[in-house]
Amino acid sequence: MQVIITVIGTDKVGIIAAVTTKLAALNVNILDVSQTIMQGAFTMMLLAQLPEDAAFTNTKAELQDLGSSIGVDVKIARQEIFDAMHKL
């Protein structure tokens, strides 16, 4: 299943490393990534592929826990739902 992962928070050293390390540990493949810093606010959006045997809710909980531990907001959405929500 393809998912969209967003990471938003105050910029600091190690955000990308922590997020990508966690995704690797969960065997999540990053397909595309965009990140920027806007006036001290870090933002990153990733398109990723979950392993076939991964439970979406468990992955979501793992990423939310990571976000809490590093002080950023991490959200995940199924790509088809994300796309449907953002159609004009």
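If I filter segment 59-88 down to residues being part of a loop (DSSP other than H, G, I, E, B) and aliphatic (A, V, I, L, M), which single residue comes out as modelled with the highest pLDDT? Step through it out loud before you land on a result.
At the first step, the residues of segment 59-88 found to be part of a loop (DSSP other than H, G, I, E, B) are 71-72, 86-88.
Those left that are additionally aliphatic (A, V, I, L, M): 72, 88.
Details: V72: 98, L88: 59.
In this case the residue turns out to be V72.
Residues checked against (1) over 16 Å from R78 (Cβ atoms); (2) among the aliphatic types (A, V, I, L, M); (3) assigned to a helix (DSSP H, G or I):
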{"residue": "T6", "(1), (2), (3)": "no, no, no"}
{"residue": "A17", "(1), (2), (3)": "yes, yes, yes"}
{"residue": "K22", "(1), (2), (3)": "yes, no, yes"}
{"residue": "L31", "(1), (2), (3)": "no, yes, no"}
{"residue": "L47", "(1), (2), (3)": "no, yes, no"}
{"residue": "P51", "(1), (2), (3)": "no, no, no"}
{"residue": "T57", "(1), (2), (3)": "no, no, yes"}
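The values are calculated or read from the model by the stated rules, or taken from the named source; none is laboratory data. Everything numeric in this text was worked out from a predicted model, so none of it was measured. Neighbour counts are summed over all protein chains in view; Cβ atoms, including those assigned to glycine, are modelled from backbone coordinates with ideal geometry.
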